[in-house]
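**Student:** Structure incoming, see below.
The values are calculated or read from the model by the stated rules, or taken from the named source; none is laboratory data. The shown structure was predicted, so the numbers you read here are calculated from the model rather than taken from an experiment. Cβ atoms come from the backbone with ideal geometry, glycine included; neighbour counts cover every protein chain shown. To get the accessible areas, we keep the full protein, side chains included, count just its heavy atoms, and leave off ligands, DNA and RNA. Shrake-Rupley method; radii C 1.70, N 1.55, O 1.52, S 1.80 Å.
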Amino acid sequence: MVITVTLNPAMDKTITVQDFELGKVNRVSKVRYDIGGKGINVSKVLKRFEIPSACTGFIGGGWKDTFEKELRNMGIDNYFVEVKEDTRTNIKVVDDKNKIYTDINEPGPRITEKELNDFTNKFKDICNENDVVVLSGGVCPNIPKNIYGTLTKIAKERGAFVILDAEGELLSEGIKEKPDIIKPNKHEFELLLNKKLDSEDDIVYEAKKLINNGLKKVLISLGEKGAILVSNEMVLYGEGLKVPVKSTVGAGDSMVAALIYSMINNFDNEETIKFAVATGAASVSLEGTQACDLNQVKSLIEKVNINVRR
Ligand SMILES: Nc1ncnc2c1ncn2[C@@H]1O[C@H](COP(=O)(O)OP(=O)(O)OP(=O)(O)O)[C@@H](O)[C@H]1O
Ligand SMILES: [Mg+2]
């Protein structure tokens, strides 16, 4: 089974306001709600790839029923732990006229010690041998920063495979327990190492150090420039594809789903980087956090140029 963890999900409320003006009364022309959070986004893309997955994390308050209903409608299994405080609402203001996009994000609920324990126990229960676990995104403010390390340790003890996609302390603490794959973007990778990486060689050098330390693969995404996949056997650079960009939100989450698809289908490294870069490109060519489907990705795969270095 694939298990995606979303510790601070959000109801994404997108409101369209033509000519948005600060400090004025603005009229909304369109409202849209999408259940979100990085792990959930990975599950949505997996669903489009016909790979079943289960979501877990914290859910609470008025949005609980909506999340459960939406997940059910999407055919995604739901193992969320209920919490007392409300799951957050993140507002995205879309000003189509001036092409200005504003995000207003809430911090998320306070999680009690008991709720955190309940979650950890549930996670222990649902993790099994050969599962793929995705630990992804930010967390509620009072969650310990080593949470992904704790969860990585539990998952690995149970024989599951772990993909970590997080930033800052969540990533630096998390990698201490050696997840199998990490997928930072360049900025997150620089933050992790606390230095600027000016060339491809610098990126590869640092990624190899992590591999020597026990990680199996490091996939560094470079936005429109593509991505670099570093493993024990080889280094592969997949050049970014030129596509009409509608929204770059969720490109990284799609790439994580692509990694899982590649693992499940026993792709080699070359097939994996091509599939991952094609999936990222398919994702940015769709509006908002819409998930791309397999046909869109397949039409792009052969266009991805790769450079191999052993
Ligand atoms: N403008 C773009 N044009 C073409 N492909 C893109 C573009 N932006 C992203 N991609 C593809 O998507 C992949 C992931 O994008 P990116 O590096 O922006 O991830 P991220 O910063 O982790 O995103 P997220 O906000 O989802 O966390 C890239 O490696 C690339 O293949
Ligand atoms: Mg990302």
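**Student:** Out of everything in segment 99-117 that is at pLDDT 95 or above and acidic (Asp, Glu), what residue ends up being most open to solvent (accessible area, probe 1.4 Å)?
**Tutor:** 113
**Student:** In addition: In segment 118-134, what residues are of a type in the set (Asp, Glu), surrounded by 15 or more Cβ atoms within 10 Å (Cβ to Cβ) and either out of contact with any strand residue (DSSP E or B) (no Cβ under 8 Å at 6 or more places or on another chain) or in a helix (DSSP H, G or I) (or both)?
**Tutor:** 118
**Student:** Among what's in segment 186-237 and is touching a Leu at 6+ places or on another chain (Cβ under 7 Å) and of a type outside the set (A, V, I, L, M, F, W, C), pick the residue that is farthest from ligand 2 (Cβ to nearest atom).
**Tutor:** 206
**Student:** For residue 115, state whether it is assigned to a helix (DSSP H, G or I), over 20 Å from the mean Cα position of the chain (by Cα) and more than 16 Å from ligand 2 (Cβ to nearest atom).
**Tutor:** Judged against the criteria, residue 115 is a match.
**Student:** Moving on. Could you tell me which numbered condition residue 205 fails, if it satisfies all but one of (1) within 23 Å of residue 176 (Cα to Cα); (2) surrounded by fewer than 18 Cβ atoms within 10 Å (Cβ to Cβ); (3) of a type in the set (Ser, Thr, Tyr); (4) near ligand 1 (Cβ under 8 Å from one of its atoms)?
**Tutor:** (4)
**Student:** If the Cβ limit is 7 Å and pairs must be 6+ apart or interchain, which residue in segment 18-44 that is surrounded by 12 or more Cβ atoms within 10 Å (Cβ to Cβ) pairs with which residue that is of a type in the set (Phe, Trp, Tyr) and assigned to a loop (DSSP other than H, G, I, E, B)?
**Tutor:** Within 7 Å, the pairs are 26/20.
**Student:** Right, another one. For the subset of segment 135-156 comprising residues that are touching a strand residue (DSSP E or B) at 6+ places or on another chain (Cβ under 7 Å) and not in a loop (DSSP other than H, G, I, E, B), which member is surrounded by the fewest Cβ atoms within 10 Å (Cβ to Cβ)?
**Tutor:** Filtering segment 135-156 for residues that are touching a strand residue (DSSP E or B) at 6+ places or on another chain (Cβ under 7 Å) and not in a loop (DSSP other than H, G, I, E, B), the one surrounded by the fewest Cβ atoms within 10 Å (Cβ to Cβ) comes out as 156.
**Student:** Another question about this same structure. Within segment 213-259, considering only strands (runs of 3 or more DSSP E) that don't extend past its boundaries, which have at least 2 residues that are closer than 25 Å to residue 132 by Cα and within 7 Å of ligand 1 (Cβ to nearest atom)?
**Tutor:** Filter on segment 213-259 gives 226-231.
**Student:** For segment 55-79, which residues satisfy the criterion of being touching a helix residue (DSSP H, G or I) at 6+ places or on another chain (Cβ under 7 Å) and within 26 Å of residue 107 (Cβ to Cβ)?
**Tutor:** 55, 56, 57, 58, 59, 76, 78, 79
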